[in-house]
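Step one of this worksheet: look at the structure below.
The values are calculated or read from the model by the stated rules, or taken from the named source; none is laboratory data. Here the structure is a predicted model, which means the values were calculated and not measured. Because the Cβ atoms are built from the backbone with ideal geometry, glycine has one as well, and the counts that use them run over all protein chains shown. Protein only, heavy atoms only, side chains kept; ligands, DNA and RNA dropped before computing areas. Shrake-Rupley method; radii C 1.70, N 1.55, O 1.52, S 1.80 Å.
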Amino acid sequence: MAILSELVTALHDGRIQVVDLTSPLHAGTPILELPAQFGQTNPFQLQEISRYDDRGPAWYWNNIVTGEHTGTHFDAPVHWVTGKDHEDVSQVLPERLMGPAVVIDRAQDAADDPDFLLEIEHVQAWEAEHGALPDGGWLLYRTGWDARSHDAQAYANADEAGPHTPGISAGCAKWLAEETSLLGLGVETVGTDAGAAPGFDPMFPCHAFLAATGKYGLTQLQNVARLPATGAVVIASPLPIVGGSGSPARVLALVERDA
Ligand code: MN
């Protein structure tokens, strides 16, 4: 009782700030485009039902068209074949939608090399400075890629060889999945894997290893730069789509204001 009341007071007086990590969801929201032989996701779309008109004189509403993996979204383990016996998005316990979050900032490396990959030694160097990755928490991987999210072309950063966007090496993905007790991984890019990850071994290693160990993904995050390296709490709220592999999500962070 006392803790929640203190939380409410701190939210009210600004000692705790709420940072919205969610990208706005609209028809121009970038989506993942797979090689042409694969099925493709829909972009987000509003389909107007009525707007204070003869279809509904006093009300405005829309149908929405969206992929599960459109915009800022949550990857459930069942999204990947390696996690097919794990949770669908509706089965994720609410207690596992909230947790501590840490930020590894490699924006400068990604600016220098859009194919930059996070390696185990980068994470270990971070841990030497900031402490261990949090049990039951999120690792948020800052690459600066959110600055491109208003421009689908710059965001995909593709040439004839495919997209060039930063990610995580296969070795580091395996290590994060198997050797840490993270809840999951959050990224600023269109998916948790690097643009070049279709060519990695295994392909899409973040998806493959995280799903295999029941871990989650959060993508297309914004405002990660506003979070401290440690100490934030992240609330991820995917829709409980029964049988769903993921869902667009509102992702919020609670941050203590510097004294
Ligand atoms: Mn996804």
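Please state which one of A158, A173 is open to solvent by 50 Å² or more (accessible area, probe 1.4 Å) and either farther than 18 Å from V224 by Cβ or modelled with pLDDT of 95 or more (or both).
A158
Read through the list (1) crowded, with 24+ Cβ neighbours inside 10 Å; (2) in contact with a helix residue (DSSP H, G or I) (Cβ under 8 Å, 6 or more places away or on another chain), then give the number of the only condition that V234 fails.
With (1) crowded, with 24+ Cβ neighbours inside 10 Å; (2) in contact with a helix residue (DSSP H, G or I) (Cβ under 8 Å, 6 or more places away or on another chain) applied to V234, the lone miss is (2).
Test of understanding: among L11, L34, L4, which residue is assigned to a helix (DSSP H, G or I) and surrounded by fewer than 13 Cβ atoms within 10 Å (Cβ to Cβ)?
Answer to the selection: L4.
Going by the structure shown, is P205 of a type outside the set (S, T, Y) and open to solvent by less than 10 Å² (accessible area, probe 1.4 Å)?
Criteria met by P205.
Please specify each residue of segment 192-202 satisfying the condition of being out of contact with any Phe, Trp or Tyr (no Cβ under 8 Å at 6 or more places or on another chain), open to solvent by less than 40 Å² (accessible area, probe 1.4 Å) and within 15 Å of W80 (Cβ to Cβ).
T192
Pick from L11, L32, L93, L46: which is under 30 Å from Q153 (Cα atoms) and at pLDDT 95 or above?
Selected residue: L46, the only one of L11, L32, L93, L46 that is under 30 Å from Q153 (Cα atoms) and at pLDDT 95 or above.
For V81, which of the numbered conditions (1) farther than 25 Å from V251 by Cα; (2) more than 16 Å from the ligand (Cβ to nearest atom) fails to hold?
Exception for V81: condition (2).
Determine if segment 87-97 includes at least one residue that is outside any loop (DSSP other than H, G, I, E, B) and of a type in the set (K, R).
Among the residues of segment 87-97, at least one is outside any loop (DSSP other than H, G, I, E, B) and of a type in the set (K, R), which makes the answer yes.
Counting only residues that are touching a strand residue (DSSP E or B) at 6+ places or on another chain (Cβ under 9 Å) and more than 16 Å from the ligand (Cβ to nearest atom), how many does segment 223-248 have?
14
Of T72, T41, which residue is buried (at least 20 other Cβ atoms within 10 Å of the Cβ), among the polar types (S, T, N, Q) and within 13 Å of the ligand (Cβ to nearest atom)?
T72
Identify all residues within segment 185-206 that are touching a His at 6+ places or on another chain (Cβ under 7 Å), under 19 Å from S247 (Cα atoms) and in contact (Cβ under 8 Å) with a residue 40 or more places away in the chain; write none if there are none.
T192, the sole residue that qualifies.
I want to confirm something. Restricting to segment 134-152 and keeping residues that are assigned to a helix (DSSP H, G or I) and among the charged types (D, E, K, R), which single residue is surrounded by the fewest Cβ atoms within 10 Å (Cβ to Cβ)?
The residue in question is R148.
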